[in-house]
Structure formats: structure tokens, C-alpha cells
1. For the stretch 172-250, take the convex hull of the Cα atoms, compute a quarter of its surface area, and give me that in nm², please.
2. Hey, could you get me the Stokes-Einstein D for the stretch 43-109, Kirkwood radius over alpha-carbon pairs, 4 °C and 1.567 mPa s, rounded to whole µm² s⁻¹?
3. Using 0.36 nm per residue of separation minus the Cα-Cα distance, give me the extension gain between residue 193 and residue 317 in nm, one decimal.
4. Using all alpha carbons of the stretch 219-364, what is the percent of pairwise distances in each 10 Å bin, ordered from the shortest bin to the longest?
5. Note the angle between two axes, namely the Cα long axis of helix 23-40 and the longest principal axis of the Cα atoms of the chain, as a number of degrees from 0 to 90, rounded to the nearest 10.
6. P(r) for the stretch 2-45, please, calculated from all Cα pair distances in 5 Å bins and given in %.
7. Given points 7 Å out from each Cα along the Cα-Cβ axis, report the residue 253 to residue 235 separation in nanometres with one decimal.
8. Can you pull a Stokes-Einstein diffusion coefficient for the chain at 10 °C (1.306 mPa s), Rh from Kirkwood over Cα pairs, as a whole number of µm²/s?
């Protein structure tokens with residue numbers, strides 16, 4: 001039995017990647033990257049070790065916990081849970097298996113470990129993500145939102161048999177930063193004309209200017225509830241200027257560069273839309289789009305197109321070495337997908353968003 005051959009211990013978070021006790025942490029990142037690459041068919045989604053480490057070291061806003069399973073002295077799997085400390089119900093749980101130890105019984109055992117970590121902290125809405133190739137085929141699972149589907153492959157089957165429900169499908173899209181920007185320029189010109197003089201664009205790279213930090217924090221807080229999330233538990237995430245500064249400090253420790261575009265509504269001074277792009281210390285790697293949001297009360301003025309296009313144009317100038325931008329959008333978010341498709345984003349992979357409600361399971 002697996003229980004007789006496994007040793008499960010808490011994951012230690014080291015002080016640095018080159019510390020003597022950093023091997024397990026680095027193995028966690030490597031195993032996770034390898035499994036997602038096998039599932040998606042691309043290494044463009046790899047996480048940077050230093051970025052993950054600084055995220056786990058920063059405990060004021062987020063909690064990250066994990067356990068490591070060893071078999072015959074080698075790391076076979078990692079189970080983890082993560083959540084925003086400003087929320088009360090939701091936690092992301094995930095399991096990654098080393099390729100040579102892939103086993104369905106091992107996965108389920110480790111998923112139970114991740115669920116225990118979350119439940120011990122009072123979390124009742126467990127959320128997880130599976131990644132799938134863009135060219136999925138065969139038996140497909142449709143999203144309950146009515147938009148998108150994912151293959152009913154081994155990764156989806158793992159979630160289903162453990163009581164998780166598919167709640168949403170997200171599209172992972174990629175934009176070639178070294179390709180033509182003609183459509184970006186055309187769309188930006190059209191969108192600025194449509195928005196009119198009531199809206200003004202501001203942008204920066206690095207730390208937020210003091211005059212915009214409060215408005216920026218406010219729209220970051222809205223991203224957790226205003227972005228489409230199907231029927232998943234979506235709790236408000238509290239952001240203020242101090243939290244923005246903590247994130248900036250973490251990015252600096254990780255060698256990350258962040259570029260932000262805002263649209264300001266001149267009559268009220270409110271931040272009406274935002275877009276931010278980031279990259280790790282290796283500027284030849286893919287760029288990640290952290291978020292794009294138009295406040296609901298300002299939708300219909302082409303502001304999403306403005307922040308998207310300005311962000312891409314500024315980024316190509318700031319980080320010309322990066323080959324591409326990768327972004328994630330709910331399949332039901334047709335407006336933003338329309339913008340992405342027009343400027344040249346193409347599907348790279350699809351993600352299934354899964355949820356299991358412990359409170360519902362206990363009352364059944």
C-alpha cells in the first residue's frame with residue numbers, strides 16, 4: 001500500500017534558493033512545472049523559482065502551505081493549499097506528481113492531504129485548476145457557464161472522482177511581441193476616439209506614483225469579484241496602498257518588472273480600467289498579464305481595448321527581449337476575448353476551474 005511506502009512531511013520554506021535546506025522547495029517548483037508542461041504540451045507556463053519563493057515568504061497577505069511525499073527517499077509528490085488572508089472561505093488546493101511516480105492512488109492520497117491543510121484553516125470552498133492542450137478532442141466536458149469545454153482526460157477524471165465540479169473554463173492565450181502591431185495601433189486609435197475626452201490614460205513601470213496608488217489599489221480589489229467566475233465562491237480581496245507597496249517590494253526581491261496602465265475618469269477621478277504586465281528576472285521569458293478589468297459602471301466605452309493596447313505597446317518598448325505575452329480569460333468573457341483575438345492573441349491552452357464545497361459535502 002502507498003501508506004506503507006510514503007513519508008509525508010511539511011514543506012520547509014527556505015531563506016534563499018541557494019540555502020542548504022532549499023532542495024525540497026526547488027523540487028516543488030520543478031515538479032509543478034513539469035506536470036503542467038506534460039498536460040499543456042508547452043513550457044511557456046513555467047513558474048520562476050525565485051518568484052514562487054518570494055511569494056511563499058510573504059505571509060502578510062497570503063497563506064501558502066504544503067506537504068511533501070517521499071518514496072524510497074525521493075520526492076514523489078507535493079500537495080499544497082493557498083489563500084488570500086483577507087478572505088474566509090476559498091482556498092486553492094493542488095497536487096503535483098513527479099513523472100516517475102505518477103499514480104492515481106498517490107494523487108488521491110495527496111489531494112486529501114491538501115484538503116486537510118485547507119480544512120484545518122477553516123476553508124470550506126476548495127478550488128483547483130487543471131490545464132489542457134488547446135487542441136483538445138474526444139470526450140469533452142462542457143463548462144456550466146455555457147462557454148468553453150475541456151477534455152475528460154486523466155487530469156479531469158482525478159477531480160471528478162474526488163468530488164469536484166467543473167465550474168468554469170478559462171482560455172490561456174498568447175500574443176507574439178515580435179510580430180505586427182498594426183492591429184494594436186488601429187484598435188487603440190478607434191478606442192480612444194470612442195472613449196472621448198472624459199477618460200485619460202496614465203501608465204508607469206515599477207512602483208506606482210503616490211497620486212494613483214489609492215485608485216490602483218481600489219480596482220485591484222474589485223478584480224476578485226467583478227471578473228467572471230461562474231458559480232465559484234468569489235470573495236472580495238482587500239487592497240490598499242500598503243498592500244500595493246508590499247507587492248512591489250516582493251516583485252523587487254524576485255527581480256520582477258511590472259508595468260501598469262490605468263484609465264482615469266476625469267469628472268470623478270476614479271480609476272475606470274487597468275491592465276498590468278509582469279516578467280521575472282530573465283527578460284527573454286514569456287511575459288505574464290496579471291489582470292485587466294474595466295469597472296462595471298464604465299463599461300461600454302472601449303476602455304478594455306485602450307488599456308490592453310497601450311500596455312502591449314509600452315511593454316514592447318520596455319522589454320524588447322520578451323517573446324510573448326500570456327493571459328488568462330474566462331471563456332464567457334466574450335468582450336475581452338474579442339479584444340484579444342483582434343489584436344492577435346491565439347489560444348495556447350485551456351484550464352478547467354474546479355470547486356468542492358466542504359460545507360455542502362458535510363451536510364449531504
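Values quoted throughout were computed directly from the atomic coordinates according to the rules given, and no laboratory measurement underlies them. This structure is a prediction, so every number in the text was calculated from the model and none was measured. Note that each Cβ is placed from the backbone with ideal geometry, even for glycine, and that neighbours are counted across all protein chains shown.
1. Working: hull surface 32.5 nm².
Averaged projected hull area, Cα only: 8.1 nm².
2. Values: Rh = 13.6 Å.
Once the numbers are plugged in, D ends up at 95 µm²/s.
3. Numbers: separation 124, 0.36 × 124 = 44.64 nm, distance 2.36 nm.
Gain in length upon complete extension: 42.3 nm.
4. Computed distribution, short to long bins: 10, 35, 36, 15, 4, 0.
5. The helix 23-40 is inclined about 70 degrees to the chain.
6. Computed distribution, short to long bins: 5, 20, 18, 16, 20, 16, 7, 0.
7. Taking the simple label geometry, residue 253 and residue 235 are separated by 2.4 nm.
8. Numbers: Rh = 21.5 Å.
Here the translational diffusion coefficient equals 74 µm²/s.
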